[in-house]
1. Anything in the stretch 278-299 that is part of a strand (DSSP E or B) and closer than 17 Å to Arg146 by Cβ? List them, or say none.
2. Counting just the residues of the stretch 174-190 that are of a type in the set (A, V, I, L, M), open to solvent by less than 40 Å² (accessible area, probe 1.4 Å) and in contact with an Asp or Glu (Cβ under 6 Å, 6 or more places away or on another chain), which one comes out modelled with the highest pLDDT?
3. Could you list all residues from the stretch 311-347 that are of a type in the set (Gly, Ala, Ser) and at pLDDT 85 or above?
4. Please tell me if Asp116 is among the charged types (D, E, K, R), touching a Gly at 6+ places or on another chain (Cβ under 8 Å) and either under 21 Å from Leu237 (Cβ atoms) or modelled with pLDDT of 90 or more (or both).
5. Among the residues in the stretch 208-215, are any outside any helix (DSSP H, G or I) and crowded, with 20+ Cβ neighbours inside 10 Å?
6. Which number in (1) open to solvent by 60 Å² or more (accessible area, probe 1.4 Å); (2) part of a helix (DSSP H, G or I); (3) under 26 Å from Leu315 (Cα atoms) marks the one condition that Arg193 misses?
7. Of the residues Ala234, Ala226, Ala279, only one is of a type in the set (Gly, Ala, Ser), open to solvent by less than 20 Å² (accessible area, probe 1.4 Å), closer than 26 Å to Arg125 by Cβ and modelled with pLDDT under 95; which?
8. Of the residues that sit in the stretch 153-173 and are open to solvent by 10 Å² or more (accessible area, probe 1.4 Å) and among the acidic types (Asp, Glu), which one is farthest from Val97 (Cα to Cα)?
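The values are calculated or read from the model by the stated rules, or taken from the named source; none is laboratory data. In this text the structure is predicted, and so the values were computed from the model without any measurement. Counting neighbours? That spans all protein chains shown, and the Cβs are built from the backbone with ideal geometry, glycine included. Ligands, DNA and RNA are excluded from the accessible area calculation, which covers all protein heavy atoms including side chains. Shrake-Rupley method; radii C 1.70, N 1.55, O 1.52, S 1.80 Å.
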Amino acid sequence: MNRSASWALPILLVHLATGVAEAQVVRGVVTGRDSAVPLVGVLVALEPAGEAARAPLESHALPAATGAGVLTNPRGEYAIRAPASGMYRLSAKRIGVQRFRSEPFVLRDGETRRLDIALEPALQRLPEVRVSTPGICIAREEQVSRVVALWDEARTALTANRISLRDRLYEGSVTRYVRELDPRTGKVVSDARTETHGIMDRPLTGLSGDSLSKIGFWQPVENGRAIVYHAPDAEVLLSAAFQRDHCYSLAARPRSRRGLVGIAFEPLASRTTGEVAGALWLDERSFELRLVEFRYVGGGALGEAAGGELHFERLTNGAWVLRRWFVRMPHARGFAASPVGVEGRLPSVLVRPGAPRLIEEGAELVPKALRVPERHPVPPAPHMVSRIASWRPILGPNRPPFLRGSRVTE
C-alpha cells in the first residue's frame, strides 16, 4: 500500500549583519600533491591551537572547539569563519589519506588568511594515526593503533554526513516504510509507505547521545507491557557519551561483510541501561564507511533479531548521505502497520510484546539533485544563526500525529 504525504517546510532565513570581510576567515584550495587537481569533499576544520584545546589522541571525537568544519566544493575551495581572533591550526582529512594539520597561526580580528593545502595521494593503505592516550576504551592493547586509524576514517564520514545536512548539499525523496516480516523466513507479510520530497536539511532528528546514555537505547514502559526502542545515528555515534559508554575492537568479519573491515563496539560492563552493540564497516580498500550495524542488548526478551543498520554513501559533490536505514523489532500480533510521519532522525518505537512477529521500520533516500556550495562557502560561527528550519507533517484524517518518533500500539 502506497500513500503520499505533503510536508510543510517553513524556513526562516536570518541574514547575518556582519559581512565576511568583517569576520576572521581562513580560506583556500585543497589539491592533490601529486596532481595539483582540486579535491572535492575534503573535510576541513579550524581548531584552537592552545595546549588546553588538545585532547588525547589529537581528538578522537569531533574537532569541537569551534564547530567550524566544511567540505570542499568541486573546485577544491573552502572557507571557514572563526568565532573570534586567536591561535588556531587547520586540519584537512580526505578518507584514505593522511590527515593534514597546519602549524599554529594567529588569526587577528577581521583578518582573512589564505592557506592552500596539498594532500598526499590515496594509496589504498590505511593511514597511520599517532596514538598517545587513546581517549576511548579499546579492548585489546595490540589493536589500539589499527582501531584508532579505522575510527579516524569512520568519524570523517560521519562528520561529513553531519555537515552535508547542515549545509543542505543535496535534495531528493525519502520513502519511509513500516512492514511486517515472517520471523522464520524474513518474507514481507505486509508493507505500508509514505514519501516526502525536498531539500535535505536535517530531515531526521532524535535523542542526543547524552540523553541515550542516561535512559538507554531501549526501555520497558507501561509497567513492563511495552518496550521503547531508540536507534543510534551519526550524531550519537560521534558523541562523547557514546564513546565513553562503549569499548571498541577489530570486528570479526562474516561472509556477508566480504570486502569490508570493521570496528566492533560493545557497551561497558558497568552499563545498567538498555544498550546497543554492533560494528562500523568500512571498505577494505578505500576505507569509506559503508554501514553501521547494531543490535539491542541487555535484555533476554529482546531476541537476536532486534537491531538495525545504517547505510552511508558519498555523492559526487562530496556530500555524505544516510542512504538507507532500518530497525527490526519483535512485536505483538494485532499491530496494523501504517505510514509513519515523524520529526526524527531515527524513530523511537513503542512495541508491546505478544505472539512472535517481526516489525521493520526504515527509510531510503533517493538523491535527485546535488547542490554546489557558493564559491567561498563560509558557515556561521556557532553563536550566529543563519537558518532556522522546521519540518511538520500534514497528516491524513485517519492518522494520529507522530512527533519525535513512531508509537506503535495494538
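1. The first filter runs over the stretch 278-299 and keeps only residues part of a strand (DSSP E or B), leaving 278-283, 289-297.
Answer for the stretch 278-299, where residues must be part of a strand (DSSP E or B) and closer than 17 Å to Arg146 by Cβ: Ala279, Leu280, Trp281, Leu282, Asp283, Leu289.
2. Initial filter on the stretch 174-190 (of a type in the set (A, V, I, L, M)): 174, 178, 181, 188-189.
Now narrow it down to the ones that are open to solvent by less than 40 Å² (accessible area, probe 1.4 Å): 174, 178, 181.
Narrowing the set further to residues that are in contact with an Asp or Glu (Cβ under 6 Å, 6 or more places away or on another chain) leaves 178, 181.
Values: Val178: 89, Leu181: 83.
Of everything passing the filter in the stretch 174-190, Val178 is modelled with the highest pLDDT.
3. Residues of the stretch 311-347 that are of a type in the set (Gly, Ala, Ser), as a first pass: 318-319, 332, 334, 336-338, 341, 344.
The answer is Gly318, Ala319.
4. Numbers: among the charged types (D, E, K, R): yes; touching a Gly at 6+ places or on another chain (Cβ under 8 Å): yes; either under 21 Å from Leu237 (Cβ atoms) or modelled with pLDDT of 90 or more (or both): yes.
The answer is yes for Asp116.
5. If we filter the stretch 208-215 for residues that are outside any helix (DSSP H, G or I), which is where we start, we get 208.
Narrowing further to those that are crowded, with 20+ Cβ neighbours inside 10 Å: none.
Within the stretch 208-215 (the criterion being outside any helix (DSSP H, G or I) and crowded, with 20+ Cβ neighbours inside 10 Å), the answer is no, since none of the residues qualifies.
6. So Arg193 meets the others, but not (2).
7. Details: Ala226 fails: closer than 26 Å to Arg125 by Cβ; Ala279 fails: modelled with pLDDT under 95.
On inspection, the qualifying residue turns out to be Ala234.
8. For the stretch 153-173, the residue satisfying everything is Glu171.
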